[in-house]
Amino acid sequence: MIRVLLRQYWPLFALPILAVGIHPLLTYLGQPWSPSEWASNIVFAYAIAVASVLLTRRQSRVQESIADTELFGKYAAINGALDRLTKTCSASIAQQILIDSRAGLHLLPYADSNSRREYLEALDDATESLQDLINGSTRPYASWSSEQWANLSKQAESLIATLQVRLRRSEKELPTFAQLSTRLASIAHTVQIGNTVPFDPFERSYRHGDVSGRIRPLLNWDLLREYTSRGEASIRIYRHWSPRWLESYVVFSVWYITHNGEFTNYNNPKSKPISFQEIDEVFDVLPDEYKTTIESMSHRLQIRSEGTLPMTEIVTMEISENRVVVLDGNHRAAAIGRRRATWPILLPVNLVEYRISAPDDIDLLPDLRFHYSERHQLSE
């Protein structure tokens, strides 16, 4: 409070001190002021000082009002963008949130306490939501390009730099700024990973189906986490045009047939994994519910929205170079690979593939035992 008063009214406090200093100087020069001169000059000086103080306070209130209005606009823009980000998972919206956040920080010194508090709460919610989106879901990894990730990292680092400047100027808001900087540093680090998907969002999406489809084969999640943490396994994103994918890769399902061509499961020691390149030949032996789902998927993937190809996500595990087994998305892959009289070619779809690369370990996935020896033969 005293600091604020001194900042606003310092000319009034400085005048008596100035007068005490001027009197000896004038006496020394032989030109001392008379009492009437002192009175008139002091009154005039105080009048000028009061006018200056009032004008400064008026300008300060106008400046505060403008800052409050602009800060409220940033607050509303950030909250509105957060709603759109949740619905659309758009990289451009995520970048705009960080840009608006940085622009609002420059207004904080001029705004009142309520406006600052509301804005900082919005900024805290925004960074927390963005961090949760990146660390809690595979959605942004599926839809954001490398350039968009790079731009997001750049905006996060710029916001951190602006926060660091504010940290040195505001002791009262120090804890909030420190928390925001830590969270933004985490975001900037995560988005620099590139096409590698961190284990945690992948697990949240596909272990229990919280975000995407659940991986139903017996994947050993704890062992995969261990391999990933040691850098011995990775989950990378690949984007394909479906016909090219099925022509360039040997893609296996987790469905099996016997040597007699009967549908079976992986527990049968004589079973053979079905590849999607042969899905037409074995389609009739698949269970009826599988065939119904595949046909339904096929109709759905033929729908074009505004002239663009539909996109679908598939999770695979790498067996060897150009050979993968599908862990999630078997029905979709079968729908893409089917050739029917009404659709005699491979169904064109934009594929987002989450590919797990890990050591040869049957404990990681029981299905690997059907590919294990072949994988080693191909690598020799």
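For region 229-358, what does the accessible surface come to per residue with a 1.4 Å probe? Please give it in Å².
With all protein chains present, region 229-358 gives 48 Å² per residue.
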Quiz item: Stretched out fully, how many nm does the piece from E289 to E232 gain, at 0.36 nm a residue minus the Cα gap?
Solution: 16.8 nm
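Which of the peptides 199-206, 284-291 is most tightly packed, and how do the rest follow, judged by the mean count of other Cβ atoms within 10 Å per residue?
199-206, 284-291
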Quiz item: Could you list, bin by bin from short to long, the percent of Cα-Cα pairs of region 249-380 in 10 Å steps?
Solution: 12, 41, 34, 12, 2
Self-check item: Extension gain (nm, one decimal) between F263 and D132, 0.36 nm per residue minus Cα-Cα
Solution: 42.9 nm
Quiz item: Residue by residue, what Karplus-based ³J(HN,Hα) values in Hz, rounded to whole numbers, does region 351-365 have, using 6.51, -1.76 and 1.60 with θ = phi - 60° and x for Gly and Pro?
Solution: 9, 10, 9, 8, 9, 8, 10, 8, x, 5, 7, 5, 5, 6, 7
Quiz prompt | Kirkwood-based Rg to Rh ratio, region 119-159, C-alpha trace | solution = 1.01
Quiz item: How much FRET efficiency would the formula 1/(1 + (r/R0)^6) give for E321 and I362, where r is the Cβ-Cβ distance and R0 is 22 Å, rounded to 0.05?
Solution: 0.65
Quiz prompt | Beta bridges per DSSP with both ends in region 257-362, % antiparallel, nearest 5 | solution = 55
Practice problem: At 0.36 nm per residue, minus the direct Cα-Cα distance, what do N350 and T88 gain on full extension? Give it in nm, one decimal, please. | Solution: 92.5 nm
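The values are calculated or read from the model by the stated rules, or taken from the named source; none is laboratory data. Keep in mind that this is a model prediction, so the values were computed, not measured. Cβ atoms come from the backbone with ideal geometry, glycine included; neighbour counts cover every protein chain shown. Surface accessibility is based on the protein's heavy atoms, side chains included, excluding ligands, DNA and RNA. Shrake-Rupley method; radii C 1.70, N 1.55, O 1.52, S 1.80 Å.
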